[in-house]
1. In region A:58-87, what residues are assigned to a loop (DSSP other than H, G, I, E, B), at the interface with chain B (Cβ under 9 Å from one of its Cβ atoms) and either within 30 Å of A:S130 (Cα to Cα) or in contact with a Leu (Cβ under 8 Å, 6 or more places away or on another chain) (or both)?
2. Restricting region A:189-211 to residues that are touching a residue at least 40 places away in the same chain (Cβ under 8 Å), outside any strand (DSSP E or B) and more than 16 Å from the chain's Cα centre (by Cα), which is surrounded by the most Cβ atoms within 10 Å (Cβ to Cβ)?
3. Would you say B:L280 is surrounded by 14 or more Cβ atoms within 10 Å (Cβ to Cβ) and under 19 Å from the mean Cα position of the chain (by Cα)?
4. Of B:E50, B:E108, B:E114, which residue is within 16 Å of B:L140 (Cα to Cα) and either surrounded by fewer than 18 Cβ atoms within 10 Å (Cβ to Cβ) or charged (D, E, K, R) (or both)?
5. Determine if region A:176-188 includes at least one residue that is closer than 28 Å to A:L116 by Cβ, assigned to a helix (DSSP H, G or I) and either free of Cβ contacts under 8 Å to residues at least 40 places away in the same chain or not hydrophobic (A, V, I, L, M, F, W, C) (or both).
6. Residues of region B:32-67 being within 16 Å of B:G145 (Cα to Cα) and either at pLDDT below 85 or not in a helix (DSSP H, G or I) (or both), which ones?
7. Restricting region A:102-115 to residues that are part of a helix (DSSP H, G or I) and under 26 Å from B:P120 (Cα atoms), which is farthest from the other protein chains (Cβ to nearest Cβ)?
8. Residues of region A:88-101 being among the hydrophobic types (A, V, I, L, M, F, W, C), more than 7 Å from chain B (Cβ to nearest Cβ) and farther than 26 Å from A:S46 by Cα, which ones?
Amino acid sequence: MIEIKNLSKTYQKQKVLDNICLNIPEGSLFSLMGPNGSGKTTLLKSLLGTLLPDPGSEIIIHGKLICGDDVYKRELSYMPQFPRFPAHLKVAEMIHLLQKLRKQKPIHKTQLMEELGIDLFWEKNLGELSGGMIQKVNILQCFMFETPIIILDEPTGGLDPQVTYFLKQWVKKLHQQKKTIVFTSHVMAEVDELADQMALLVEGKLYAVVSPDRFKKEKKAGSLEEALHQFWKQANPHEKN
Amino acid sequence: MKKINQSYEPQDKPWTQKRGKLWRINPARLVPRRGTEHPVCIIALFEFRENIRNKWLFVYALSFLFLSALITYMGTSDPLQASGSLLNLMLLLVPLFSLMFGSISFSESLPFSEILVAQPISRRQIFLGKWLGLGSGLSLSFLLGMGLGSLMQLNLSQKGFGSYFFLLLLGVLLTFVFLSMSFHMVNVARRRELIFGIVLLNWFFFFVLYDLMVMGVALLLGDYPLEIPMLILVFLNPIDLARVLLLMQIDLSALMGYSGALFQKYLGHGMGMTLGSAALLIWVFVPAWLGLRSFQRKDL
């Protein structure tokens, strides 16, 4: 269970997250939805501790306040949207670095390496890899450890259809194992297919937490895309669409 | 609370805990691995490995190799006098390259720091690991370049090798001083494109402007007793401090200048060397501490 209370974040006098209160149930596949600049990635990064929220914000993971703590990160895996790995390190060295830092067994490493074909460029420098290869390494570094919470920032962005399919299947498998998965996505079909709950953010404010099916029914829309379009118009009436 | 299906205890326990009986100890693991398993050491080793493969460090070492070989070949084989000549080369290149390379490397590694921060380690450990790894890479390049370039020409049987090694030590200390400054500047600069301007200004201030300012003050206020303020001003510039320390060590009073002469006069050789070295160490750790604090508060 992830409890977020009064989460705010201000960048250079601009409020990016405004008093967010949100509970992410254990074992849920939870999507953060919203237009660009709505604060989705900021919220994810606040969970990871890469961004420091404003004073008064509280994030509680498994009953413990995470403020000033690093041990809770043993329970998290993270897949960034645009990973930038050290160019002069080999894939093997970078994975070895993460293994040594986490002091956890990478129990899914061999399977992921085989399925994604990472063995072929295992000894190559990260700076020599193509965008697709980098994304595969990104998947490996995130999913090789067994953690109860997984955080994914636009996970399928930049992936080819084959790897996208693999990633979705992997995420579904983890969901069946009752892992808590939080992800952001701009791909409506992906959210519709994967998420059992979604939070709707607009300009740093949380508007609703709802399941995709219920949201479509409420808006009497045939697709999630249509339902969201109606929602944005209501939330942002001045915007011409 | 959900039961996690694996132990979060460290997998690699120290060998003393892992092996029950003495005869079961693996000889390969007789050296306790506690040190190298510390996150700071792990990150420092990887940072070092990453940086020594960088072509710019190779160019840095090669520049020192070529220029120091040239200086010693054209000059003297006496290590005492050669140290004086090599000093100016070191004072020019070490701060400039440490600032530039440190800021480029640190700012480029920030996106990966996002992944590191998401691991169960503290920001302090990440910062110190990067600082140590990058600093040792730069120091090794300096030592190899300067060492190989000049040692080939120097007469090993002569006295003065203490001074020569003191010069190398000062180079390593200056590397860490300016590396710490570059880390701090990267952390506080809001826009990446501003970093290199700030870094170059910093170098220009300490290498050129500071001495001009000191000379200006001395000329303008020449009628007043300025010895003590001038002495204090030497401590406030690590480049000047390194210069005075080496010239005091090799006792080259002709090159010592006003500040060096003040050091000799007011502090004497022993006290001057002790206070100067302590001040240089403070110059290493204060910017590093400032850099650490700014990194701990930085949004990645």
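1. Listed by number, the residues that qualify are A:P80, A:F82, A:P83, A:R84, A:F85, A:P86, A:A87.
2. Selected residue: A:G204.
3. yes
4. It is B:E50.
5. Yes - at least one qualifying residue is present in region A:176-188.
6. B:R53, B:N54
7. A:M113
8. Across region A:88-101, the qualifying residues are A:V91, A:A92.
The values are calculated or read from the model by the stated rules, or taken from the named source; none is laboratory data. What you see is a predicted model, and the numbers here were worked out from it, not measured in a lab. Methodologically, a virtual Cβ is constructed for each residue, glycine included, from the backbone with ideal geometry; neighbour enumeration extends over all protein chains shown.
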